[in-house]
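Everything below concerns the one structure shown next.
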Amino acid sequence: MTKVLVATVKPFAPAAVNSIKIIIEKAGYEFILLEKYDDQSELIRAVEDVDALIIRSDKVTPEVISAGKNLKIVVRAGAGYDNVNLEAASAKQVVVMNTPGQNSNAVAELALGMMVYYARNCFNGKPGTELKGKKLGIHAYGNVGKMVGNIAKGFGMEIYAFDPFIPREQIEKDGVIWTGSEEELYTTCQYVSLHIPANEHTIKSIDYHLLSKMPSGAILVNTARKEVIDEESLMKILNERDDFGYISDIAPDCADEIKEKYEGKYYFSPKKMGAQTAEANINAGIASANQIVNYLEKGIKTFMVNKF
Ligand code: 3PG
């Protein structure tokens, strides 16, 4: 019998788990659930005889791939797949997919929510500022970036975007101001919201060169990945500028030092919360289950992110 494992350190909402189970069992497969596991060895053991795997930010290392003797497909229920070792998967002809767009609204809402929270001094009762009339730079105009722009328009923000992979006309048709370089975006916008993936081109790419260009009252919003920030640059800019704030859904490695030295200049959510809504879990979970069934039954490879 075909076996499908859902392995999530950070569990889906129960309704999402139930929806996945229904799709998997309707296809005649066995549904296996591993939630809140403490050690990677539990995933390595659980994957041993399964055909398909659904994960979130769980780490699919070469060890996991090689332990999965029958493994044919891994679906990352979400957008970023930097947690999956694509080389190891490709070498064993294991298809890796993501579910783009399924959790974007949740992440976009969180980005704006964190901006309001920070602008109002983390609701501490002191007078804060408003988002209306402020310039917001969207760094990467994919599914999440576009939704951030849409919601921010409702706040009366002026929206700019930089994305070398999206045609200028596509950005402009949304009423967003296109910028031709990262430098231009960071120079222009008081708020910059990051939506770039973490890969060999972007890791540590948000550096002093860019951050130092941001105007007075600069606020960097990160609902992407902590790895894209050059933390030495972040510390340097926080040290140099009292007016600089960093708000992130993923605490940086240097979080303790920031907390100790720069009170009121940061916000870090306790756990990555961007996609942590029932709706996002249900959307991404259902898409994952359907993608597995479609691949195993019909060989459909939509949203495959590796090559072999
Ligand atoms: C994503 O890449 O889809 C988001 O970062 C969500 O990650 P999560 O599923 O671990 O919450």
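The values are calculated or read from the model by the stated rules, or taken from the named source; none is laboratory data. Everything numeric here is computed off the predicted structure, so don't read it as measured data. Don't worry about glycine lacking a Cβ; one is built from the backbone with ideal geometry, like all the others, and counts go over all protein chains shown.
Consider only pairs whose beta carbons are under 6 Å apart and that are at least six residues apart or on different chains; among these, list those whose first residue lies in segment 180-193 and is in contact (Cβ under 8 Å) with a residue 40 or more places away in the chain and assigned by TED's automatic domain parsing to the domain that holds ASP163 and whose second residue is among the β-branched types (Val, Ile, Thr) and surrounded by fewer than 23 Cβ atoms within 10 Å (Cβ to Cβ).
Here the result reads LEU185/THR179, each pair linking segment 180-193 to a residue that is among the β-branched types (Val, Ile, Thr) and surrounded by fewer than 23 Cβ atoms within 10 Å (Cβ to Cβ).
So if I check each of LEU220, LEU194, which one is surrounded by 17 or more Cβ atoms within 10 Å (Cβ to Cβ) and under 17 Å from CYS254 (Cα atoms)?
Only one candidate passes the filter, namely LEU220.
Look at segment 152-203 and say how many of its residues are part of a helix (DSSP H, G or I) and small (Gly, Ala, Ser).
So the count comes out to 2.
I'm checking my understanding of the structure. Among residues of segment 33-50 that are away from the ligand (no atom under 16 Å from the Cβ) and out of contact with any helix residue (DSSP H, G or I) (no Cβ under 7 Å at 6 or more places or on another chain), which one is nearest to VAL293 (Cα to Cα)?
So the residue we want is VAL50.
Does segment 233-241 contain any residue that is within 13 Å of the ligand (Cβ to nearest atom), surrounded by 17 or more Cβ atoms within 10 Å (Cβ to Cβ) and in contact (Cβ under 8 Å) with a residue 24 or more places away in the chain?
Checked against the condition, which is being within 13 Å of the ligand (Cβ to nearest atom), surrounded by 17 or more Cβ atoms within 10 Å (Cβ to Cβ) and in contact (Cβ under 8 Å) with a residue 24 or more places away in the chain, segment 233-241 yields no hits at all.
Output the residues belonging to segment 209-230 that are away from the ligand (no atom under 14 Å from the Cβ), in contact with a helix residue (DSSP H, G or I) (Cβ under 7 Å, 6 or more places away or on another chain), assigned to a loop (DSSP other than H, G, I, E, B) and of a type outside the set (D, E, K, R).
SER212, MET214, listed by residue number.
Please find, within segment 80-137, the residue that is farthest from THR188 (Cα to Cα) out of those that are of a type in the set (Val, Ile, Thr) and within 12 Å of the ligand (Cβ to nearest atom).
Looking at the filtered set, the residue picked out is VAL84.
Under 20 Å from ASN222 (Cβ atoms), aromatic (Phe, Trp, Tyr), assigned by TED's automatic domain parsing to the domain that holds HIS201 and part of a loop (DSSP other than H, G, I, E, B): is that true of TYR118 in this structure?
No; evaluated as a whole, the condition is false for this residue.
For segment 51-60, how many residues meet the condition of being surrounded by fewer than 24 Cβ atoms within 10 Å (Cβ to Cβ) and more than 16 Å from the ligand (Cβ to nearest atom)?
1
Scan segment 7-30 residue by residue and report those that are β-branched (Val, Ile, Thr) and touching a helix residue (DSSP H, G or I) at 6+ places or on another chain (Cβ under 6 Å).
Selection gives ILE20, ILE23, ILE24.
Mind checking whether some residue in segment 269-277 is part of a strand (DSSP E or B), within 16 Å of the ligand (Cβ to nearest atom) and either in contact (Cβ under 8 Å) with a residue 12 or more places away in the chain or assigned by TED's automatic domain parsing to the domain that holds HIS201 (or both)?
Checking segment 269-277: not a single residue is part of a strand (DSSP E or B), within 16 Å of the ligand (Cβ to nearest atom) and either in contact (Cβ under 8 Å) with a residue 12 or more places away in the chain or assigned by TED's automatic domain parsing to the domain that holds HIS201 (or both).
When you scan segment 146-169, do you find a residue that is buried (at least 22 other Cβ atoms within 10 Å of the Cβ) and either assigned by TED's automatic domain parsing to the domain that holds ALA284 or touching a residue at least 60 places away in the same chain (Cβ under 8 Å) (or both), even just one?
no
Residue under question is ASN290, and the condition is that it be outside the structural domain of PHE162 (by TED's automatic domain parsing), away from the ligand (no atom under 16 Å from the Cβ) and free of Cβ contacts under 8 Å to residues at least 60 places away in the same chain; does it hold?
It is false that ASN290 is outside the structural domain of PHE162 (by TED's automatic domain parsing), away from the ligand (no atom under 16 Å from the Cβ) and free of Cβ contacts under 8 Å to residues at least 60 places away in the same chain.
Keeping to segment 68-93, report how many residues are touching a Lys or Arg at 6+ places or on another chain (Cβ under 9 Å), assigned to a helix (DSSP H, G or I) and crowded, with 18+ Cβ neighbours inside 10 Å.
1
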